[in-house]
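First the structure, in the form of structure tokens, and then the observations on it.
The values are calculated or read from the model by the stated rules, or taken from the named source; none is laboratory data. For clarity, every value in this text was computed on a predicted model and none was experimentally measured. Note that we place each Cβ from the backbone using ideal geometry, even for glycine, and neighbour counts take in every protein chain shown. Heavy atoms of the whole protein, side chains included, go into the accessibility calculation; ligands, DNA and RNA do not. Shrake-Rupley method; radii C 1.70, N 1.55, O 1.52, S 1.80 Å.
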Amino acid sequence: MNLADIAQAAGLRTPIRHQLFINGQFVDSQSGETLPTLNPHDNSKIADVAMAGAADVELAVQAAEAALPKWSRMAAMDRGRILLKLADLIENNAEELARLESLDTGHPIRDSRMLDVPRTAVTYRYFGGMADKFQGEQIPVEVGFLNYTLREPVGVVGQVVPWNFPLMFTSWKMAPALAAGNCIVMKPAEITPLSSLKIAELMAQAGMPDGVVNILPGLGAVAGQAIAEHDRISKIAFTGSTATGRRIVQASAGNLKKVQLELGGKGANIVFEDANLIAAVNGAAWAIFHNQGQACIAGSRLVLHEKIADAFLEKFIALARSIRLGNPLDPHTEMGPLTSLQHRDRVLSYVDVARSQGGEVLSGGIAPTGDLASGCYVEPTIVRASSWRDRIAQEEVFGPFVTVLTFKDDHEALQIANSTEYGLGGGLWTNNLQRAHKFARDMKSGMVWINCYKRVNPGSPFGGSGMSGYGREMGFDAMREYTQVKSIWVNVDAQIAPHYARP
Ligand code: NAD
């Protein structure tokens, strides 16, 4: 099938964008090279997408540099207005974006419609409104002086996003950067570039000046590395694996660019003996199975009090087995494929890892057969670990794979929760108020959810510590990440001590 037929079969009304977006234009790469992007439902090719190299990164940086003086000095309200217009355009094109995201990533269409697209629009709207509300301060210093701060944009910023939530994650990075007056060179993941290119088209419609946003699909080791190393890019914001995060820190050393990292996680989801069991079972399923478990904040360690473990698991296993796997574009589908075949195999390899260390597969652990065999599917998988030290209790699997651990008392629950190198998200289910707040305080985690899991909002800080990275997305914290403070001193009517006075 050609591209137009593929678009039509997926219910798309507008052409699929497959070129780089540089200086307001869709263009081929300098080398002319392309990379195919595949439909993870059946591994058929969707499009050959232009593949950026270092020469394209250089052109994008030049375009961003040229656009920076005007964009950064524009009235903040006018920058905000463009982001608000973009939010409206995303809502007007919601079905188109939802279908494109599901086609390219495998997200069930009901999730793309209910979560990915609305959350993307809300993020641009939030930061559109933020543009003229984020301000400097006046500091009460010595008599006779006025001291105030300016919040200046960092400049040209590089952004590298992964394949698990391409639409949402590009908004989390681009919206605050733009509101603060920066220009952007952004690289989506090589396997899921389509929705970011569509956003580029909508940005142009919203009135974004040429060069402010440049979108460059391409390989991480080539285009991503060129962005991380570029000596005229002042900051890099990255979401992805801890291993790549480390490489980015090393590459950034050349010009000491500011680095912001949102890396992996191994979220502990703790269920105490006094929890509302039904709410906890449903919440735990959402925590791990939404987006096929491909989420850095997934509740991938289910930590159960031993008194309720059997009753919990009976209901949880039944729920997992009832989840409807299928074509992401089918509105009845509750779980789609993983985003690539390579990743599916990586996730399945953890079943052998589990068994080799005495783990017990309680449900799933296989790829489905039949109609779904040619896609990247994995059945919802529940595995009991023999110890919190096992690899399946320590390493990020990043799939519909949950590791079950049990505990005797609060002390042991906290010890298990804090036993990994990560520190991103975690949750607990209890009706004991004191315990809830004690765990919220003591869990080594950038985000804690009490009697809920995986809540996100553009106003609420998102990020972690340890091997989960540093810096925060969302809210005022994101605006701080994308600005630098300048302190300005004015002598209004001060008598300055004449240390070196001469007659
Ligand atoms: P990755 O970190 O390699 O890829 C994420 C992004 O980084 C992609 O855009 C990729 O092109 C880019 N990249 C790769 N190498 C780069 C480099 N040297 N310089 C600059 N950019 C580079 O992730 P992956 O290999 O696709 O997935 C492996 C594992 O990473 C997953 O199984 C999961 O555990 C984890 N992961 C985490 C997240 C998250 O949201 N924190 C997202 C994706 C993957």
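Observations
- CD proxy at 222 nm, helix term only [per DSSP H run n ≥ 4: -39500 (n - 2.57); per residue of the chain; nearest 500]: -11000 deg cm²/dmol
- Pairwise FRET efficiency - Q25 versus D88, Cβ, R0 = 22 Å, nearest 0.05: 0.40
- Counting only DSSP beta bridges whose two residues both lie in the range 268-450, roughly 10 percent are antiparallel.
- Cα-based helix-to-principal-axis angle, 166-179 vs the chain, degrees rounded to 10: 20 degrees
- Amide hydrogen neighbours beyond the local backbone of G469, cut-off 5 Å, H modeled: L263
- With Cα atoms, 0 to 90° folded angle of helix 54-73 axis to the chain main axis: 60 degrees
- With contacts taken as Cα pairs under 8 Å at a separation of at least 6 residues, the range 268-450 carries a relative contact order of 28 percent.
- Each residue of the range 74-91 was assigned a 3J(HN,Hα) from its phi angle through the Karplus expression (A = 6.51, B = -1.76, C = 1.60, θ = phi - 60°), giving 4, 4, 4, 4, 6, 4, x, 4, 5, 5, 5, 5, 4, 4, 5, 5, 5, 5 Hz with x at Gly and Pro.
- The residues of the range 437-485 expose, per residue, 45 Å² of accessible area to a 1.4 Å probe.
- Helix axis angle, 309-322 relative to the chain longest principal axis, alpha carbon, degrees: 80 degrees
- Of all DSSP beta bridges confined to the chain, the antiparallel ones make up roughly 45%.
- Gyration tensor verdict on the range 1-125 (Cα atoms; rounded if a/c is under 1.5, prolate if a/b is larger than b/c, oblate otherwise): oblate
- Centroid-to-centroid separation of the range 1-72 and the range 210-268 [C-alpha atoms, Å]: 19 Å
- For the chain: rounded, prolate or oblate by the Cα gyration tensor [a/c cutoff 1.5]: oblate
- Structural descriptor for the chain: relative contact order 18 percent, calculated from alpha carbon pairs under 8 angstrom and at least 6 residues apart.
- Hydrodynamic radius of the range 268-450 by the Kirkwood approach over all distinct alpha-carbon pairs: 16.5 Å.
- Karplus-derived 3J(HN,Hα) values for the range 328-336, using 6.51 cos²θ - 1.76 cosθ + 1.60 with θ = phi - 60°, are x, 7, 7, x, 7, 5, 9, 9, x Hz; glycine and proline are entered as x.
- In plain terms, the chain from K438 to E152 could stretch by 99.1 nm, reckoned as 0.36 nm per residue minus the Cα-Cα distance.
- Global geometry of the range 295-366, whether rounded, prolate or oblate, following the gyration tensor of its Cα atoms and the 1.5 cut on a/c: oblate
- When the surface is traced with a 1.4 Å probe over the full set of protein chains, V141 keeps roughly 50 Å² accessible.
- Accessible area per residue for the range 59-162 is 42 Å², calculated with a 1.4 Å probe on protein heavy atoms, without ligands, DNA or RNA.
- Listed peptides 182-194, 359-371, 404-416, 151-163 by packing density, highest first (mean Cβ within 10 Å): 182-194, 151-163, 404-416, 359-371
- Euclidean distance of C-alpha centroids, the range 394-446 and the range 304-365, integer Å: 20 Å
- What the phi angles of the range 211-220 give under the Karplus curve with 6.51, -1.76 and 1.60, with θ = phi - 60°, is a coupling list of x, 5, 10, 10, 10, 10, x, x, 6, x Hz, glycine and proline written as x.
- Within straight-line cross-link reach of K307, lysines at Cα separation under 20 Å, skipping those fewer than 8 residues along the same chain: K315, K408
- About the centre of its Cα atoms, the range 268-450 shows a dipole size close to 200 debye [charges on the beta carbon of Lys, Arg (+1) and Asp, Glu (-1) only; nearest 20 debye].
- Nearest-0.05 FRET efficiency for I278 and H411, computed from C-beta distance (R0 25 Å): 0.40
- Carbon-plus-sulfur accessible fraction, the range 268-450 (probe radius 1.4 Å, protein heavy atoms only): 48%.
- Under 29 Å from the Cα of K85 - lysines, other chains or at least 8 residues apart: K70, K133, K173, K187, K198, K235, K454
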